[in-house]
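The block underneath contains the structure these notes are about, expressed in structure tokens.
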Amino acid sequence: MTKRVLLGMLTPSSNTALEPLTSAMVSAIPGVSAHFARFTVTQISLDRQSLGQFDIGKILDAARQLADARVDVIGWSGTAASWLGFETDEALCREISAATGIPSTTSVLALNEILEKTGVRKLGLVSPYIESVQRRIMANYEAAGIQVPGERHAGLQVNFDFSEVAESEVLRMAREVAGYGPDALTVMCTNVKAAQLAERIESELGIPLYDSVSTVVWKALKMAGVDPAGIQNWGRLFREVA
């Protein structure tokens, strides 16, 4: 019997998008499955209560649950580091691996690796967030040497509501941001249903879409020794980025 590959994903408690999207992606690869553990996240803003949701202790408790399932990789399928600072995810991965003995990654760290591999210097940003969060994300990328020539955000704060953003709205925002001439687009949120639109967006706009749910799946597969190219019809990321 071929050894199974088990991908563990840390999930915001109010997120209803990333689990079905992740499972649909990996279902194309025999023997690979995704498994989830939640910790409480209900709103996104820059106030103290919201920022406190990402206390590392709560995240580590969820990671230890995934370790009980003997997963091969633990991925944080979330984007908090995009506004908190990339170093927070680097520290989180060290803590998860120290606590569980399992290698780990995140949506944001995977995206940043992809941007480096593909030479993206201008990134179009789409998110459901409020303006203050969006501006913090833009500042962090610009400090890292990646321009954000265009952005659109839905102005939402309640995490559950992000999953209610319609496909038509995601497409509208992506088209408008593409008009600013970025090298690539990202949808920065794992509770927006956008990954399934990658082929359509890329065909229409001519630039890759690196969705936050897709990026962590891509990296988790690579860390588990599985070729991401086995995922088809989910965008150029899986076909083109080695």
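Every residue, every condition in (1) more than 18 Å from the chain's Cα centre (by Cα); (2) at pLDDT below 95; (3) farther than 18 Å from residue 201 by Cβ; (4) surrounded by 15 or more Cβ atoms within 10 Å (Cβ to Cβ), yes or no:
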residue	(1), (2), (3), (4)
111	no, no, no, yes
117	no, no, yes, no
123	no, no, no, yes
126	no, no, no, yes
150	yes, no, no, yes
- Message: Please go through region 222-237 and give me each residue that is part of a helix (DSSP H, G or I) and either over 15 Å from residue 24 (Cα atoms) or under 14 Å from the mean Cα position of the chain (by Cα) (or both), ordered by number.
- Response: 222, 223, 236, 237
- Message: Can you tell me which residue is least open to solvent (accessible area, probe 1.4 Å) among those in region 22-49 that are free of Cβ contacts under 8 Å to residues at least 12 places away in the same chain and over 29 Å from residue 198 (Cα atoms)?
- Response: 47
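Among the residues of region 160-175, write down those that are open to solvent by 70 Å² or more (accessible area, probe 1.4 Å), free of Cβ contacts under 8 Å to residues at least 60 places away in the same chain, out of contact with any helix residue (DSSP H, G or I) (no Cβ under 8 Å at 6 or more places or on another chain) and part of a helix (DSSP H, G or I). Don't jump to the end; show me each part of the working.
First pass over region 160-175, keeping only residues open to solvent by 70 Å² or more (accessible area, probe 1.4 Å): 160, 164, 167-168, 172, 175.
Imposing the further condition that a residue be free of Cβ contacts under 8 Å to residues at least 60 places away in the same chain reduces the set to 164, 167-168, 172, 175.
After this cut, where a residue has to be out of contact with any helix residue (DSSP H, G or I) (no Cβ under 8 Å at 6 or more places or on another chain) as well, the list is 164, 168, 172.
Selection gives 168, 172.
Looking for something in a helix (DSSP H, G or I) and either under 30 Å from residue 28 (Cα atoms) or at pLDDT 95 or above (or both) - is there at least one such residue anywhere in region 179-188? Walk me through how you get there before you give the answer.
The first filter runs over region 179-188 and keeps only residues in a helix (DSSP H, G or I), leaving none.
No - not one qualifying residue is present in region 179-188.
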- Item | Residues located in region 1-28, provided they are modelled with pLDDT under 95 and either in contact with a helix residue (DSSP H, G or I) (Cβ under 8 Å, 6 or more places away or on another chain) or over 22 Å from residue 100 (Cα atoms) (or both) | 1, 2, 28
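Can you go through 105, 100 and tell me which one is over 21 Å from residue 241 (Cβ atoms) and in contact with a Lys or Arg (Cβ under 8 Å, 6 or more places away or on another chain)?
Working: 105 fails: over 21 Å from residue 241 (Cβ atoms).
On inspection, the qualifying residue turns out to be 100.
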- Message: Condition (residue is in contact with a helix residue (DSSP H, G or I) (Cβ under 9 Å, 6 or more places away or on another chain), modelled with pLDDT of 95 or more, β-branched (Val, Ile, Thr) and over 22 Å from residue 84 (Cα atoms)) applied to region 30-43: is it met by at least one residue?
- Response: yes
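The values are calculated or read from the model by the stated rules, or taken from the named source; none is laboratory data. The structure presented is a predicted model; accordingly, all values stated were derived computationally and were not measured. Here Cβ is always computed from backbone atoms with ideal geometry, including for glycine, and neighbour counts include all displayed protein chains. All accessible areas refer to the heavy atoms of the entire protein, side chains included, with ligands and DNA or RNA removed. Shrake-Rupley method; radii C 1.70, N 1.55, O 1.52, S 1.80 Å.
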